[in-house]
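Since every read-out is calculated from the coordinates, none of them should be taken as a lab result. Quantities reported herein were computed from a predicted structural model and do not represent experimental measurements. Don't worry about glycine lacking a Cβ; one is built from the backbone with ideal geometry, like all the others, and counts go over all protein chains shown.
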Amino acid sequence: MPNPYESRRLVGEYLFFHYASYEEASGGLPVPREAWGFAERIITDLLNGDGPIDSALDVGCAVGRSSFELAQRANRVVGIDYSKAFIDAAKTLQAAGAMSGKVLAEGERMQDFVAKVPAAIDRKRVEFLVADATDLPPLGSFDAVLAANLICRLPEPRKFLERLPSLVKSGGQLLLATPFSWLEEFTPQEHWLGARPDYPSSFEVLRQILEPDFELETTKNLPFLIREHSRKFQYGISLGSRWRRR
């Protein structure tokens, strides 16, 4: 099945989702401000910055905004996504600091915008790679690992979750966020984490998988918006969690 995340339309949507300002997104409409800027908030709201962070991994980085945000805290960041089109866009932003994009306004009318990486970020700290989250290449281990809105888009999420202990250093942080939006077009039902009659909730199953190797430190509801056109948005609330590697 073709990867839907390779389309030019979705690259534009995700560039807008990651980099557009609230004013660009809302166009003066009563769009909930607290749900904008998710790719940045996932770091600022979940990452514990008390200790040193030498290295970070962002799995499912899409077009890279969270990876760049991690580069404000870590000396080295690896951003990984399955979509070559998303990674190509992230690499363009890394090289140039900005990239033109288009997002649907209405009908066939498009809205031009420019995605920009904040000038204060050292873009050279980030490396972007195309890879499958359920079949990652050798990467070593990291002080912080992020997977935002990824788990319920994987065909076999347990494969990814079972790899996590080897990716996070002892004492390191695991940052997860997911709305648990299970859809069979992405994840066959037999691979859902719970979420069926007579099964535990998805978060309970997630906790059962992680707790032998990780301690849950905090959870937080993280709203997000993806704009489809100027008067239609996808609104979701991810359950964010921070875990500490034992």
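Here are the numbers for this structure:
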item: Computed over the stretch 4-245: relative contact order in percent, which uses C-alpha pairs under 8 Å that are six or more apart; result: 21 percent
item: Mean separation of Cα contacts under 8 Å, 6 or more apart, over the residue count of the stretch 74-157: relative contact order %; result: 34 percent
item: For the stretch 134-182, diffusion coefficient by Stokes-Einstein and Kirkwood Rh (Cα), 25 °C, 0.890 mPa s, µm²/s; result: 216 µm²/s
item: Spin-label pair K102/L129, simplified geometry with 7 Å Cα→Cβ offset, distance in nm; result: 3.4 nm
item: Sites N3 and R158, calculated FRET efficiency, Cβ-Cβ separation with R0 25 Å, nearest 0.05; result: 0.75
item: Under 21 Å between alpha carbons - lysine pairs in the chain that sit 8 or more apart or on different chains; result: 10
item: Distance (nanometres) between label positions extended 7 Å along Cα→Cβ at D54 and H229; result: 5.2 nm
item: Alpha-carbon radius of gyration plus Dmax, which is the widest Cα pair, for the stretch 186-225 in Å; result: 12.4, 34
item: Most mobile listed residue (P223, P165, P197) in the chain, GNM with C-alpha springs under 10 Å; result: P197
item: Where a label projected 7 Å from the Cα of I237 along Cα→Cβ would reach, residues of the stretch 137-151 with amide N under 20 Å; result: 148-151
item: Share, in percent, of DSSP beta bridges within the chain that are antiparallel, nearest 5; result: 60 percent
item: Mean-position separation - Cα centroids, the stretch 79-147 and the stretch 153-220, in angstrom; result: 23 Å
item: 11 Å beta-carbon shell around A177, net charge (K/R +1, D/E -1); result: +2
